[in-house]
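Here's the structure, in structure tokens; my notes come after.
Any read-out appearing in this document is the output of simple, stated calculations on the displayed coordinates, not a laboratory observation. None of the values given here were measured: they were computed from a predicted structure. Heads up, the Cβs are rebuilt from the backbone with ideal geometry, glycines too, and the neighbour counts pull from every protein chain shown.
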Amino acid sequence: MKGKFIVLEGIDGCGKTTQINELYKWLPKSGLINKNRTLIKTREPGGSFLGKEIRDMILNNNKLNSPSILTELLLYSADRAEHISKVILPALQNGHWIISDRFSGSTLAYQGYGREISIDIIKKLENIVCQNIKPDLTIFLEISPEESILRRKNKVADRIESEGLDFLKKVNHGFKLIALENNWEIIKASEDLTSIADQIQKLLINKFSLNK
Ligand code: Z5A
């Protein structure tokens, strides 16, 4: 596989969308991607056609019809299976580059550390779903749970965002452990936008400029 797969992870509001939009502008001009290859911007949940419907089902803030935590895990896994089969795998096989807003690390952090579903079960499911697809680079944008809530104060919360500070603290703790365990790149995301974008660009240049 000649394409590259880059993932941004972190708790809600850490700035993934903002930084992915910056990367999407910068990467095609960076000289890192071969001229006959394209860059795909995607996300989880919701990166595939079917995934968009799954996203609505999972994030819909209808308290009366909330899925059980096991259903929630399986819905995120179904979204990822479809995303990999229909979007990620074909793109990588054709040498294209992908930047994804979240991937399997989010399931470990939110459903594992947040919902407290067995990490062992989540890892087994991940092995089935991911078909050996692993990101070439995962960047963890680290902010505090308090800052996350502050940044989202004017936004209508989706179902997961409504879980509150204690849940977010457990997820954040999980992300830190997962990042260390898997050698993710960690960036302090409380800095200003430009400084974070510069750090991300440097990481990509260091990692990918020698083995295009
Ligand atoms: N989820 C899960 O439970 N399990 C899974 O397996 C997966 C996901 C894949 C998906 O939401 C939800 O699903 C998510 C995890 C769960 N739950 N929550 N909550 P999503 O990914 O669509 O949305 P989100 O992750 O909640 O994040 P977001 O609101 O889209 O935030 P973001 O993309 O990380 O940040 P942003 O939109 O770029 O920035 C947020 C605000 O901060 C915005 O006003 C910016 O202008 C501002 N901002 C950004 N950067 C900065 C800096 N550097 N300084 C100051 N302000 C900034």
What order do you get for GLU82, GLU44 when you list them from fewest to most C-beta neighbours inside 10 Å?
-> GLU82, GLU44
Spin-label pair THR17/THR71, simplified geometry with 7 Å Cα→Cβ offset, distance in nm = 2.6 nm
Extending each Cα 7 Å along its Cβ direction at LYS29 and LYS176, get the distance between those two points in nm, one decimal.
-> 3.7 nm
With θ set to phi - 60° and the Karplus curve 6.51 cos²θ - 1.76 cosθ + 1.60, what are the ³J(HN,Hα) couplings of the stretch 124-140 in order, to the nearest whole Hz, using x for Gly and Pro?
-> 5, 4, 4, 4, 5, 6, 7, 6, 6, 7, 10, x, 6, 8, 10, 10, 9
Could you list, in their original order, any pairs among LYS153/LYS188; LYS25/LYS207; LYS16/LYS202; LYS155/LYS202 whose Cα atoms are separated by more than 26 Å?
-> LYS155/LYS202
What value does the stretch 28-75 have for Rg/Rh, both radii from Cα atoms and Rh as Kirkwood defines it?
-> 1.26
FRET efficiency for ASP166 and ASN94, Cβ-Cβ distance as r, R0 = 41 Å, nearest 0.05?
-> 0.40
Mean shadow area of the stretch 42-103, taken as a quarter of the surface of its Cα convex hull (nm²) = 4.1 nm²
Cα-based Rg and Dmax for the stretch 1-157, in Å, come out at 16.0, 50
Measuring from centroid to centroid over Cα atoms, what is the spacing of the stretch 48-109 and the stretch 1-38 in Å?
-> 18 Å
Extension gain from THR194 to GLU53, taking 0.36 nm per residue of separation minus the Cα-Cα distance | 47.4 nm
Whether the stretch 65-212 is rounded, prolate or oblate, judged on the alpha carbon gyration tensor where a/c under 1.5 counts as rounded = oblate
